[in-house]
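Q: Before I ask anything, here is the structure I am working with.
Throughout, read-outs are computed from the coordinates displayed, never taken from laboratory work. Quick caveat: nothing in here was measured; it's all calculated off a predicted structure. Note that each Cβ is placed from the backbone with ideal geometry, even for glycine, and that neighbours are counted across all protein chains shown.
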């Protein structure tokens, strides 16, 4: 009799958890299992350097995943983020390159001061989010159609600015500082620290603010949200602009890291961001998910990629392995939720 209440505590605790928290905890368990298997199968997998690489290699996908997560919870897609990365990176280089310093057109830019050039590049790239917001929130055009179009628009502008190649000369010395500076006493770059700050900020926004909670209401039932007084259009517009802003930050950081603006940078990143978001338990139908789940999904994908590299698998087999793990993880999520509801 004394042990009976204690024996029910675990199930009571789990039953009181929200579905978001339950799936996040479930995916942490999946991560532990995959990590354990990798340690057993891959030689020298459990090393400090390898663990740091797993946690830091996908910083750019995680930053993109923040915006994609919030939009997917509302039932919308943002497929333009890869193009925005290319656009912001190319513009950041073009804006700060010297004026008429070389006969080569790709070595000449606008000669803006470093900080002003970066801010202007991010502002221009974020305009892609404003275009998305106008068509989706105001004109009610499906998000996947508009964002695929603006993805091509952003990448097309980047290709015009670079003539389909890249800009990587006549840059000021300080251009590479942001992307190549390490946190003092560590091997972790400032880019990773920025990612951590953004994830913590997104988590606080999701859990502690009224607009953050309204995202879930919009995704679950936009009509009910509108009748409840939620300005759905304004909220969606803000989220699309934020998503493009995060992508522009990512593009500037990558351009700084590689000291170059490439028109094809970020190709496929929109799909990677979508994969880690779904892998983290965000519902493609809206109304369900979390930033924490997305972060766990990104780490799972990083573990799988690192393990595949350690096993010397070719890139083709790595794609297949990542696809299989993604399918299994998502099916496991559905099964766990169905069992919980049943």
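Q: Given 37 °C and 0.692 mPa s, compute D for the stretch 112-154 with the Stokes-Einstein relation, Rh being the Kirkwood radius over Cα pairs; round to the nearest whole µm²/s.
A: 292 µm²/s
Q: While we're looking at this one, here's another question. Please find, in a Gaussian network model of the chain (springs between Cα atoms separated by less than 10 Å), the residue of 250, 277, 150 whose mean-square fluctuation is greatest.
A: 150
Q: What ranking do 320, 146, 85 get, fewest neighbouring Cβ atoms within 10 angstrom at the top?
A: Final ranking by Cβ density, sparse to dense: 320, 146, 85.
Q: Okay, next question. Pull out the extension gain between residue 330 and residue 174, defined as 0.36 nm times the separation in residues minus the alpha carbon to alpha carbon distance; nm, one decimal.
A: In short, 51.8 nm is gained.
Q: Next up: Specify the residue with the greatest mean-square fluctuation among 120, 133, 204, computed from a Gaussian network of the chain linking alpha-carbon atoms under 10 Å apart.
A: Ranking 120, 133, 204 by mean-square fluctuation puts 204 first.
Q: Fewest to most neighbouring Cβ within 10 Å: what's the order for 152, 294?
A: Listed from fewest to most nearby Cβ atoms, that is 152, 294.
Q: Another question, then. Between residue 271 and residue 110, what length in nm is gained on full extension when 0.36 nm per residue of separation is reduced by their alpha carbon distance?
A: The residue 271-residue 110 span can extend by a further 54.7 nm.
Q: Then there's this: With the chain treated as a Gaussian network of Cα nodes joined by springs under 10 Å, which of 68, 275, 101 yields the largest mean-square fluctuation?
A: Its mean-square fluctuation being the largest, the pick is 101.
Q: For labels at residue 144 and residue 204 in the simple 7 Å Cα→Cβ model, what's the distance in nm?
A: Using points 7 Å along Cα→Cβ, the separation is 3.6 nm.
Q: Tell me, in nm to one decimal, what length is gained between residue 44 and residue 223 on full extension, where the rule is 0.36 nm per residue of separation less the Cα-Cα distance?
A: Computed gain between residue 44 and residue 223 is 59.1 nm.
Q: How large is log10 I(q)/I(0) at q = 0.07, 0.08, 0.11 Å⁻¹ when the Debye formula is applied to the Cα atoms of the chain, each weighted equally and without solvent?
A: -0.32, -0.42, -0.77
Q: If you average the sequence gap of Cα pairs under 8 Å that are 6 or more apart and divide by the length of the chain, what percent do you get for the contact order?
A: For the chain, the relative contact order is 32 percent.
Q: Let me ask another. Listing 314, 170, 80, 24 from the residue with the fewest other Cβ atoms within 10 Å to the one with the most, what is the order?
A: 314, 170, 24, 80
Q: Hey, another quick one. Beta carbons within 10 angstrom, averaged per residue: use that to sort the peptides 214-220, 226-232, highest first.
A: 214-220, 226-232
Q: Related question: Over all directions, average the projected area of the Cα convex hull of the stretch 177-223 and note it in nm².
A: Averaging across all directions leaves 4.7 nm² for the Cα convex hull.
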